Amino acid sequence: MTKVGILGVGAYLPARKLTNLDLEKMVDTSDEWIRSRTGIVERRIASESESTSVLAIKAAQAALKDAKISVDKIDLIVVGTISPDSNFPSMACKVQRAIGAKKAAAFDVSAACSGYLYALTTAKQYIQTGLAKCALVIAAERITNFINWKDRNTCVLFGDGAGACVLGKVKSGGITADFIQAFGDHGDLMYVVPAETRRPLEVEKSGTYQLPYVVMQGKELFKIAVNSMADAVEAVLKKAKLKSSQIDCIVPHQANDRIISAVAYKLGIPKEKIFVNIDKYGNMSAASIAVALYEAVKSKRVKKGDNVVLVAFGAGLVSGANVIKW
Ligand code: ACO
């Protein structure tokens, strides 16, 4: 079987920071509450000109540079996102146009916070089956598109950003196991109330326009997140024929530092083996793991030969995990 691995990584974070202290002035919250309940200290907010595709393009260009791959080698672009600029064209097509990857097929994947792992797993299969040779996998979110800045239950949690990798054939190691799953029955625990689009004519007549906003049952999600992430890690390790003691680094979705600690505890893995950067960025949905992996690699928390596990959980509900021999 063809071995597929990550040839380079990149990320892009908007410059604007929104701190917990800034949020104290916007809603009834406190730096202490946010830090102790979530681990978040600040998050990035995209500027007016930084649409999701702009974030995606910048992360993709960084990954291409890191991989030292010329753009004409890219024959597949997959973007994990739940916050595209618009329904169409896809973010992947916008990236293709911007970077000039003329030979590439391009499409988006919608799997909320598991979007990067769903995209990675999908692109890997395309390379393994011979339909593609070299793929750009991107996770980009402008999640603040649908944040209600008056709702303290959700507005303190999220941020914008993008991460990417170049995926191609490798001689040894690479992505050695994949696991993806969905629990559609729990879809009502987190969803976006969309902008009024079902009756556009009536909305236009009335002159009112409902902005989209996110609704979340945090407590229920917390429990399911811990169980499904721990289950996903166990399932993927079984596929990779590895014991949890053989993992060098876990890069989990960054929704809440207490979720990450509970997953570590459940798996019996020391927290030091888990990469956490939620303090700087909050929950960036699909982009969280892509950016965390980029930072883990660049800070040498992930080194050549390491067994790395990526694990995600998100709205849908959807979960996923991959094992990578770095
Ligand atoms: N500041 C101050 N108080 C707050 C805030 C805030 N920002 N938000 C909520 N509170 C209050 C609540 O109103 C509640 O008050 P009450 O007791 O008077 O009713 C109290 O704090 C406790 O609320 P809880 O919901 O019990 O707080 P909890 O400890 O569960 O933390 C949190 C809430 C952070 C949302 C947590 O439940 C969580 O992280 N859940 C999981 C989120 C998640 O994983 N989402 C899915 C992935 S994201 C994706 O797929 C895109």
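Every read-out reported here was derived from the displayed coordinates using simple, explicitly stated rules and does not represent laboratory data. Everything numeric here is computed off the predicted structure, so don't read it as measured data. Every residue, glycine among them, receives a Cβ derived from its backbone with ideal geometry; neighbour counts consider all protein chains shown.
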List the trypsin sites (Lys or Arg not before Pro) in region 278-323 that DSSP assigns to loop (not H, G, I, E or B) and whose Cβ has at most 14 other Cβ atoms within 10 Å. Which are they? K300, K303, K304
May I ask you to list the residues of region 238-260 whose amide nitrogen lies under 19 Å from a point 7 Å from Cα along the Cα→beta-carbon direction of S299? 248-260
For the pair V27/S245, report the inter-label distance in nm, with labels modelled 7 Å from Cα in the Cβ direction. 4.4 nm
With x for Gly and Pro, the residue-by-residue ³J(HN,Hα) of region 20-35, computed from phi through the Karplus equation 6.51 cos²θ - 1.76 cosθ + 1.60 at θ = phi - 60° and given in whole Hz, is 4, 5, 4, 5, 4, 7, 9, 9, 6, 8, 8, 4, 4, 4, 5, 4
Beta carbons within 10 angstrom, averaged per residue: use that to sort the peptides 60-72, 175-187, highest first. 60-72, 175-187
Computed over the chain, the relative contact order (Cα-Cα under 8 Å, seq sep at least six) in percent reads 25 percent
May I ask you to derive the FRET efficiency for E48 and T129 from their Cβ-Cβ distance with R0 = 41 Å, giving the value to the nearest 0.05? 0.50
Could you go through region 109-122 in sequence order and give the Karplus-derived ³J(HN,Hα) for each residue, using 6.51 cos²θ - 1.76 cosθ + 1.60 with θ = phi - 60°, rounded to whole Hz, and x for Gly and Pro? 10, 10, 9, 6, 5, 8, x, 5, 6, 4, 5, 4, 5, 5
Mind listing the long-range amide H neighbours of G282? Cut-off is under 5 Å, sequence gap 5 or more, other chains count too, H placed in the peptide plane at 1.01 Å from N. V41, E42
Quick one: P(r) of region 130-180 from all Cα-Cα pairs, 10 Å bins, percents rounded to integers, in order of increasing distance. 18, 32, 23, 19, 9, 0
Work out from phi, with θ = phi - 60° and the Karplus expression 6.51 cos²θ - 1.76 cosθ + 1.60, the ³J(HN,Hα) of each residue of region 145-161, listed in order in whole Hz, and give x for Gly and Pro. 4, 10, 9, 8, 6, 9, 9, 5, 5, 10, 5, 7, 8, 10, x, 9, x
Ascending count of other beta-carbon atoms within 10 Å, so fewest first, for W326, W33: W33, W326
Test of understanding: what is the full-extension gain from A182 to K150, defined as 0.36 nm times their sequence separation minus their Cα-Cα distance? 8.5 nm
With label points set 7 Å from each Cα along the Cα-to-Cβ direction at R16 and A195, the distance between them in nm comes to 1.7 nm
Residues with beta-carbon under 12 Å from that of I147, excluding I147: net charge, scoring Lys, Arg +1 and Asp, Glu -1? +1
Among A98, I6, A164, whose Cα projects farthest towards the positive end of the dipole of region 4-172, with charges put on the beta-carbon of Lys, Arg (+1) and Asp, Glu (-1)? I6
Spatially proximal lysines relative to K3 (Cα-Cα < 17 Å; intrachain offsets below 8 disregarded): K124, K133, K169, K171, K239, K241, K304, K325
Taking the Cα atoms of the chain, report the difference between the largest and smallest coordinate on each principal axis, in whole Å and largest first. 60, 47, 37
Over region 4-172, what is the relative contact order in percent, taking alpha-carbon pairs closer than 8 angstrom and at least six residues apart? 34 percent
Take every DSSP beta bridge with both residues inside the chain and express the antiparallel ones as a percent of the total, to the nearest 5. 70 percent
